[in-house]
Amino acid sequence: MKKIAVFPGSFDPITKGHENIILRSIPLFDEIIVAIGENADKKGYFSIEQRLAWIERVFKDHPSVKVEKYSGLTVEYCKTKNANYILRGLRTSADFEFERSIGQANKKLRPELETVFMLTMPEFTPINSSIVRDVHRHGGEVYDFIPEAIHSDF
Ligand code: ADP
């Protein structure tokens with residue numbers, strides 16, 4: 001059976017932390033689907049199409065990495081993609097507590113689906129999309145936080 005992982009998130013925008021988790025996961029899976037969750041109540045800062053285009057650009061030389069948007073339950077989306085793994089990154093103990101409850105709920109909803117956690121590299125621990133948005137909103141420089149492939153758009 002092909003090992004297909006879904007990496008769900010907002011990616012608003014993709015950061016060096018996300019990029020690193022995906023790059024390190026490439027050898028572990030046959031296919032990784034970076035899945036941008038669409039939330040009707042939360043519009044997001046950058047448009048979904050823009051976020052999608054950026055992720056595609058970052059991984060253009062990695063054919064096993066696909067990018068899609070989705071709405072609804074992550075476990076249902078995984079089913080439609082024949083994905084047997086959910087990939088998530090862990091930075092802090094707060095991440096762990098958050099991920100534990102979601103992971104355990106997902107396991108109840110779909111027992112055959114495994115959530116795989118990858119620890120962030122120490123240098124990426126402080127990076128998150130909401131900081132990037134705040135810095136960007138106020139005209140600051142975000143190059144330290146986002147993948148090099150998309151620097152030219154900032
Ligand atoms: P969400 O909307 O679920 O918070 P994010 O786009 O913020 O989605 O993150 C998606 C995934 O990437 C989550 O598993 C999150 O823990 C992980 N992640 C975010 N930032 C980092 C980082 N700096 N290092 C490692 N993992 C990260």
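Where a number appears in this text, it was derived from the coordinates with a stated rule and is not lab data. Note that the coordinates shown come from a computational prediction; the quantities given were computed from them, not determined experimentally. Because the Cβ atoms are built from the backbone with ideal geometry, glycine has one as well, and the counts that use them run over all protein chains shown.
Observations on the structure shown:
- Looking across Leu109, Leu119, Leu90, one residue alone is within 18 Å of Ala5 (Cα to Cα) and either in contact with a Cys (Cβ under 8 Å, 6 or more places away or on another chain) or crowded, with 16+ Cβ neighbours inside 10 Å (or both). It is Leu90.
- Residues in the stretch 137-154 that are in contact (Cβ under 8 Å) with a residue 40 or more places away in the chain and either near the ligand (Cβ under 10 Å from one of its atoms) or in a helix (DSSP H, G or I) (or both): Arg137, Phe145, Ala149, Ile150, Asp153.
- Yes/no for Phe98 being surrounded by fewer than 18 Cβ atoms within 10 Å (Cβ to Cβ) and of a type in the set (Phe, Trp, Tyr): yes
- Residue under evaluation Ala35, criteria (1) within 14 Å of the ligand (Cβ to nearest atom); (2) more than 18 Å from Ile127 (Cα to Cα); (3) surrounded by fewer than 19 Cβ atoms within 10 Å (Cβ to Cβ), criterion not met: (3)
- Any chance Asn20 is within 12 Å of the ligand (Cβ to nearest atom) and loosely packed, with under 14 Cβ neighbours inside 10 Å: no
- For Val58: the one exception among (1) surrounded by 15 or more Cβ atoms within 10 Å (Cβ to Cβ); (2) within 13 Å of the ligand (Cβ to nearest atom); (3) β-branched (Val, Ile, Thr): (2)
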